[in-house]
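J.: Attaching a single structure in structure tokens format; questions to follow.
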Amino acid sequence: MKKINACLFDLDGVLVDTAIYHYKAWRRLANELGFDFTEKDNEKLKGISRIQSLKLILEWGKIEKTPEELQELSQKKNDWYLQMITHMQPSELLPGSREFLQELKNRGIKIALGSASKNAIIILDKTNIRHFFDAIVDGNMVQTSKPDPEVFLIGAKLLNVPPQQCVVIEDAIAGIEAALTANMKVIGIGDKVTLKKANLVVAGLSEMTFEQLNSL
Ligand code: BG6
Ligand code: MG
């Protein structure tokens, strides 16, 4: 019997390289406000919601804003981000993404998206991969963002697969914690040291084999 029956994918930084667009847009905002932050700081923004990211960035810059100003600033960042993703093409899928999704489909593994992004559907459409997903859970559907496991638990429920038979693929520390709390296996995409809590870490999906996934 197969151990893994479902695969839940994070989007930004796993299937597409939008993590860099998020970073560019947040950095532009910080620079406008008179400070900067590093790529290392940016790791802490991966996987968490737009508003939580903004609050963290403002803490780094020691800046306080009213709730109304927070809304305006997060809107401004999202407008810049949308300007970048609106030109996305299927060629911007990270290497191996489409092939890995196709292999899972061929093997009868159910596939869900578990993303904190409220822009996820736009990206799936621009890159032409929406049809691979049996369930899509995005930032519009959750109350609490990663590291809370909600996004993945909703995904497993929609797929009708117990968490123990699910594997999550993530590039963010917050997402890895969310998957482990959900009682799922997790594969980290990125740096082995940064993502050390994952059951397995690979540099990208092009390096992943189905056998590795099934042997977790
Ligand atoms: C996550 C990203 O996927 O989505 C975060 O890793 C981002 O960096 C979050 O803040 C929310 O995205 P959006 O598109 O709703 O602003
Ligand atoms: Mg991500």
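The values are calculated or read from the model by the stated rules, or taken from the named source; none is laboratory data. As the structure is a computational prediction, the values presented were derived from the model and not from experiment. Methodologically, a virtual Cβ is constructed for each residue, glycine included, from the backbone with ideal geometry; neighbour enumeration extends over all protein chains shown. Heads up: the accessible areas ignore ligands, DNA and RNA and are worked out on the full protein's heavy atoms, side chains in. Shrake-Rupley method; radii C 1.70, N 1.55, O 1.52, S 1.80 Å.
J.: Report, by chain and number, residues whose modeled amide H sits under 5 Å from the one on residue 168, excluding near sequence neighbours (fewer than 5 apart, same chain).
T.: 8, 185, 186, 187
J.: Now for a separate question. Can you list the lysines whose alpha carbon sits under 25 Å from that of residue 24, skipping same-chain ones fewer than 8 residues off?
T.: Reachable lysines: 40, 44, 46, 55, 62, 65, 76, 77, 118, 126, 146, 192.
J.: I would also like to ask the following. With +1 assigned to the C-beta of every Lys and Arg and -1 to the C-beta of every Asp and Glu, and no other charges, what is the dipole magnitude of the chain about the Cα centre in debye, to the nearest 20?
T.: 460 debye
J.: Right, here's the next one. Can you give the angle from 0 to 90° between the axis of helix 150-159 and the longest principal axis of the chain, with both taken from C-alpha atoms, to the nearest 10?
T.: 30 degrees
J.: Go through the stretch 52-64 residue by residue and turn each phi into a ³J(HN,Hα) via Karplus (6.51, -1.76, 1.60, θ = phi - 60°); whole Hz please, and just put x for glycine and proline.
T.: Values, residue by residue: 5, 4, 4, 4, 5, 4, 5, 4, 4, x, 6, 10, 10 Hz.
J.: Would you compute, for the Cα atoms of the chain, the largest minus smallest coordinate along each principal axis and list the three values in descending order, in whole Å?
T.: So the extents along the principal axes, rounded to whole Å, are 56, 33, 30.
J.: Moving on. Quick check on the stretch 165-216: take the gyration tensor over C-alpha atoms, sort the square-rooted eigenvalues as a ≥ b ≥ c, and tell me if it's rounded (a/c under 1.5), prolate or oblate.
T.: Because a/c hits 1.5 or more and a/b fails to exceed b/c, the stretch 165-216 counts as oblate.
J.: Within the stretch 86-177, list the trypsin sites (Lys or Arg not before Pro) lying in a DSSP loop whose Cβ has at most 13 other Cβ atoms in a 10 Å radius.
T.: Within the stretch 86-177, the qualifying trypsin sites (Lys or Arg not before Pro) (loop, at most 13 other Cβ atoms within 10 Å) are 107.
J.: Could you state the angle between the C-alpha long axis of helix 19-32 and the longest principal axis of the C-alpha atoms of the chain, as a value from 0 to 90 degrees rounded to the nearest 10?
T.: In the chain, helix 19-32 runs at an angle near 10 degrees to the longest axis.
J.: Compute the distance in nm between two label points, each set 7 Å from the Cα along the Cα-to-Cβ direction, one at residue 118 and one at residue 83.
T.: Label-label distance for residue 118 and residue 83, simple model: 1.9 nm.
J.: Using mean Cβ contacts within 10 Å as the protection proxy, how do 47-56, 177-186 order, highest first?
T.: Going from most to least packed, we get 177-186, 47-56.
J.: Once both axes come from the Cα atoms, what is the angle between helix 97-106 and the longest principal axis of the chain, in degrees from 0 to 90, rounded to 10?
T.: 30 degrees
J.: Let me ask something additional. If you wrap the stretch 49-144's Cα atoms in a convex hull and average its projection over all directions, what's the area in nm²?
T.: Its Cα hull, projected and averaged over all orientations, spans 7.5 nm².
J.: Let me ask another. So how compact is the stretch 92-135: Cα radius of gyration and Dmax in angstrom?
T.: For the stretch 92-135, the Cα-based Rg and Dmax read 10.5, 30 Å.
J.: What is the set of long-range amide H partners of residue 16 at a cut-off below 5 Å, with H atoms built 1.01 Å from backbone N?
T.: 94
J.: Output wanted: per-residue J couplings in Hz (rounded whole) for the stretch 33-44, from phi through Karplus 6.51 cos²θ - 1.76 cosθ + 1.60, θ = phi - 60°, x for Gly and Pro.
T.: 7, x, 9, 9, 9, 8, 5, 5, 4, 4, 3, 6
J.: Write down the accessible area per residue of the chain in Å², having rolled a 1.4 Å probe over the full set of protein chains.
T.: 48 Å²
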